[in-house]
1. Would you pick out the residues in segment 42-64 that are without any contact (Cβ under 8 Å) to a residue 24 or more places away in the chain, part of a helix (DSSP H, G or I) and more than 19 Å from Gly78 (Cβ to Cβ)?
2. Within segment 18-41, which residues are within 14 Å of Leu73 (Cα to Cα) and open to solvent by 70 Å² or more (accessible area, probe 1.4 Å)?
3. Can you work out which of the residues in segment 93-113 that are of a type outside the set (D, E, K, R) and more than 13 Å from the chain's Cα centre (by Cα) is surrounded by the fewest Cβ atoms within 10 Å (Cβ to Cβ)?
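The values are calculated or read from the model by the stated rules, or taken from the named source; none is laboratory data. A quick note: this is a predicted structure, and the numbers were derived from the prediction, not measured. Methodologically, a virtual Cβ is constructed for each residue, glycine included, from the backbone with ideal geometry; neighbour enumeration extends over all protein chains shown. With ligands, DNA and RNA removed, areas are computed over all heavy atoms of the protein, side chains included. Shrake-Rupley method; radii C 1.70, N 1.55, O 1.52, S 1.80 Å.
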Amino acid sequence: LIDFGEVGSVDPAERAALLRMMTAVLGRDGEALAGALLSVSRTTRTVDRTEFGAQLATLLEPVADASLNDMRLGETLGRLLHLLRINGIVLPPDLAILIKTMIECEGTTNELDPTMSMLDLVRDLGSFA
């Protein structure tokens, strides 16, 4: 179930890339994040992978010293989507919807239980890969 009514599935390659993305975010690794994103995305123009990796590393800097409970996954993913847009990188539709849904779910869970960390849940999902 995705986005309160839309139903879809993420194929195995996209699922593996998504887990690599989350691992890169948790590890604050811009280069790994760039590789995972570009492995499943299409581009509308030439992307300088080194520059893109540097932009992602900058995106991850504010979370470098944050604890998992203080870091907000939705905020980071929102900034990530902005970087993708300005670099002409297009995610597969199901993966984009899944990321959007994760952002919305974090907002909802934060209202219900501000102590809950979506990153803890994502980290736990990584153990199932």
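1. Selection gives Arg49, Thr50, Glu51, Gly53.
2. Of everything in segment 18-41, those that are within 14 Å of Leu73 (Cα to Cα) and open to solvent by 70 Å² or more (accessible area, probe 1.4 Å) turn out to be Thr23, Arg28.
3. Once the filter is applied, the top-ranked residue is Leu112.
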